[in-house]
Amino acid sequence: MSEPDIIQEVFYPYPPERVWSALTNPSAMARWLLPNDFAPRQGHRFTLRAPAEDGWPASVACEVLEVEQPRRLVFSWQDGPHRPVTRVAITLSRALGGTLLRLEHSGFASGGQRQVSRRLHRRWRQRLPRLFQLQVDAAALTEELFVYVTEPRAATRNRLPVVDELLSIRGVGVPVELLESMVLDGVDERQDVVDLVTGFLDRPGVVSLPA
Amino acid sequence: MFTYNGGVNEQTDAIAIDVFHAIADPTRRSLLEMVAEGERPVNVLAEAFDMSRPAVSQHLRVLREAGLVTERKVGRERRYRLRAAPLREVRDWVRQYEWFWKERFDALGDYLEGGS
């Protein structure tokens, strides 16, 4: 198993036995996690039922993989029939004045995403200044960037006029890929995008047309 | 609770598992890194790996079916480029679970404090 995708640690000012009880008692679990038919027994399959809320999967299919009272609980977690099976490991350890709970949720393969994102990040840092030396309307470009970044769907993207214009200019590099890398770098807030674009347009030597 | 971008349906479920399967493999991750540098013809990609060209083509097919690369024929040559948008789904999914667990463990704290 590769390194966990999510690690969280929480301190509770109660002894491990008490935290364990709240963690593994089905009615307690229903209060803090989700309604369930959990039992603290290795091999037990259970379902977490989510309230019918927009976008949340109706149920999560789980199986108890390890139980070591009052220290460690591991279960599989699959939030849809076509989703990968991920793994939730919760470990309790005695700490001064209470209990440290550690969660490790793994199986998302996010290491692969981060690996590619790092490469993209490096590339657009190199190429972005060149992109903004193009003579395009800065305000329109900012707007298009924002739309692109918040709606990275191919169908929408291909109809964006400024992006089309950029693509039609030879020797630009590949703006669409640059924008995709911005998406992956987490530049997904409007102000971030505006600042980024404005920052580059303000650099000496960068040519921009009046809006 | 939290929400998925665009909601959950059969189609996005299917896309997601393809993407996860695709990026779980080290060879395919290396291929993605290479096409992240720009469009590359299949022979250039194949040369970088100590495996047969059909084996590399098979990996590229998995990536293509997951929507992570696009293929273009130029003359007799096939060229590949990155299509990074599906990777955002992976990132979003992990982030949503980060929030989810944070909320849930807060709720566990409330439950413990309530003493019930």
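The values are calculated or read from the model by the stated rules, or taken from the named source; none is laboratory data. No experiment lies behind these values; they were computed from the predicted model shown. Virtual Cβ from ideal backbone geometry, glycine too; neighbours counted across all protein chains shown. Remember, those area values only see protein heavy atoms, side chains included, never the ligands or the DNA or RNA. Shrake-Rupley method; radii C 1.70, N 1.55, O 1.52, S 1.80 Å.
A few remarks follow.
- Shielding by partners, peptide B:92-99 (average Cβ within 10 angstrom, other chains): 5
- Under the simplified labelling scheme, the B:GLU47-B:THR27 pair shows an inter-label distance of 1.9 nm, with each label point 7 Å from Cα along Cα→Cβ.
- Accessible surface buried upon A-B contact (total; probe 1.4 Å; Å², nearest 100): 5100 Å²
- For the peptide B:74-82, the mean number of other protein chain Cβ atoms found within 10 angstrom of a residue's Cβ is 1.
- The trypsin sites (Lys or Arg not before Pro) of region B:46-116 that meet both conditions, a loop assignment by DSSP and at most 12 other Cβ atoms within 10 Å of the site Cβ, are B:ARG76.
- ³J(HN,Hα), Karplus 6.51/-1.76/1.60, whole Hz, each residue of region B:26-35, x for Gly, Pro: x, 5, 5, 5, 5, 4, 4, 4, 5, 6
- Cleavage-rule hits, trypsin sites (Lys or Arg not before Pro), region A:1-108, DSSP coil, Cβ neighbours within 10 Å at most 11: A:ARG41
- Charge dipole of region A:45-117 about the Cα centre (unit charges at C-beta), most positive-ward option of A:LEU73, A:SER110, A:ALA58: A:LEU73
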